[in-house]
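So the structure is just underneath, and the comments pick up after that.
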Amino acid sequence: MKKLESIEQYNEIIKSGKSIFMFSADWCPDCRVIEPVLPEIEKAYSQYTFYYVDRDEFIDLCVSLNIFGIPSFVAYENEVELGRFVSKDRKTKEEIEEFINSLSN
């Protein structure tokens, strides 16, 4: 998973293609639980480019997107938000896959 480096990069990424941003933090235990399955999810959904967003580093972006719980996911295609899986609850591999599958409906 690529790591978001700047707000400018975020603004460029969402302009074209399909991307999914995972909002997380190093200190988040629920985020660590899903880490082992993320490479498998990335491989299964290779039509998307996945980006890790450090919530603490990009708190202003999180606020502007109303993301107050982590881990959370927001998907874009060509500047249009396709969907979001945003909550403070622990996510399972199945829930993340269900979210991504719902994007193409």
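Laboratory data are not the source of any read-out in this text; all were calculated from the coordinates shown. Since the model is a prediction, treat every value here as computed from it, not as a measurement. Backbone-built Cβ (ideal geometry, glycine too); neighbour counts: all protein chains shown.
Would you kindly state how much longer the chain becomes between residue 98 and residue 43 on full extension, computed as 0.36 nm times their sequence separation minus their alpha carbon distance, in nm to one decimal?
18.3 nm
Which of the cysteines found in the chain have nothing to pair with, since no other Cys Cβ lies under 4.7 Å from theirs?
Here 62 come out as lacking a disulfide-compatible partner, given the Cβ-Cβ threshold of under 4.7 Å.
For a quick protection proxy, order the peptides 19-32, 85-98 by their average other-Cβ count within 10 Å, most packed first. Show your work: numbers first, answer last.
Numbers: 19-32: 17.9, 85-98: 14.9.
In descending order of packing, they fall as 19-32, 85-98.
Give the Debye-formula value of log10 I(q)/I(0) at each listed q (0.10, 0.23 Å⁻¹), with one equal scatterer per alpha carbon of region 2-102, two decimals each.
-0.23, -1.41
Report the number of Lys pairs in region 2-102 whose alpha-carbons are under 22 Å apart, with separation of 8 or more residues or on distinct chains.
So the count works out to 16.
Provide the FRET efficiency to the nearest 0.05 for the residue 78-residue 26 pair, computing r from the beta carbons and using R0 = 30 Å. Mind dumping the intermediate values first?
Working: r = 31 Å, r/R0 = 1.04.
About 0.45, to the nearest 0.05.
Calculated from DSSP H runs of 4 or more alone, at -39500 (n - 2.57) each and per residue, what is the 222 nm mean residue ellipticity of the chain, nearest 500?
-8500 deg cm²/dmol
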